[in-house]
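The values are calculated or read from the model by the stated rules, or taken from the named source; none is laboratory data. Since this is a predicted model, take the numbers as computed values, not measurements. For neighbour counting, all protein chains shown are included, and Cβ atoms are generated from backbone atoms with ideal geometry for every residue, glycine included. Heads up: the accessible areas ignore ligands, DNA and RNA and are worked out on the full protein's heavy atoms, side chains in. Shrake-Rupley method; radii C 1.70, N 1.55, O 1.52, S 1.80 Å.
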Amino acid sequence: MEKRILLGSHGRFAEELIKSAEMIVGEMKNVRSFSLLPGMSLEEYMKEVDQELQREPERTLCLVDLFGGTPSNTFCALSRKYDNVVVTGLNLGMLLEVYMNKDLMTVDELAELAVKTAQESSKNATEILKEG
């Protein structure tokens, strides 16, 4: 069975991130987003994520936007019940790297790659250009 990648975010950030990534790599299969929308309770969000994780027979990589936020806390709380790994700091570079390597690496290796990519993708581009 193919690995799945679950994304969690405040607002529709994760949904739109998938659309942006698809502009680069084409249709992304087995990637799903969970948006915490205004007025949505923690219980509603938890139920939605829980229902999806119930369908996951294998270890699942979950990429979320902000450490300590509701999406992060929800996926982390559910990691006690399901076999999922949660990485925070979701960005476009991270999603692309993980997606392009998902069939070549284990979930734990993908989690390490996600963290490494997030750390390496932030640059002060103006300083780099000045050094150029």
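Only one of (1) in contact with a strand residue (DSSP E or B) (Cβ under 7 Å, 6 or more places away or on another chain); (2) open to solvent by 30 Å² or more (accessible area, probe 1.4 Å); (3) under 24 Å from E109 (Cβ atoms); (4) β-branched (V, I, T) fails for T70. Which number is that?
Answer for T70: the failing condition is (3).
Test each condition in (1) buried (at least 19 other Cβ atoms within 10 Å of the Cβ); (2) touching a Ser or Thr at 6+ places or on another chain (Cβ under 6 Å) for V98 and report the one that comes out false.
(2)
Listed here are the residues, each with its yes/no results for (1) open to solvent by 80 Å² or more (accessible area, probe 1.4 Å); (2) not in a strand (DSSP E or B).
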site	(1), (2)
K3	no, yes
G8	no, no
A14	no, yes
L17	no, yes
I24	yes, yes
E27	yes, yes
L53	no, yes
C62	no, no
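Go through the stretch 1-50 residue by residue and tally those that are of a type in the set (G, A, S), within 22 Å of C76 (Cβ to Cβ) and under 15 Å from the mean Cα position of the chain (by Cα).
Residues flagged as of a type in the set (G, A, S), within 22 Å of C76 (Cβ to Cβ) and under 15 Å from the mean Cα position of the chain (by Cα) within the stretch 1-50 amount to 6.
Just name the residue that is nearest to E58 (Cα to Cα) out of those in the stretch 104-132 that are surrounded by fewer than 10 Cβ atoms within 10 Å (Cβ to Cβ) and either touching a residue at least 24 places away in the same chain (Cβ under 8 Å) or among the acidic types (D, E) (or both).
Filtering first and then ranking leaves E127.
If a residue has to be assigned to a helix (DSSP H, G or I) and among the β-branched types (V, I, T) to count, how many in the stretch 68-106 make the cut?
3
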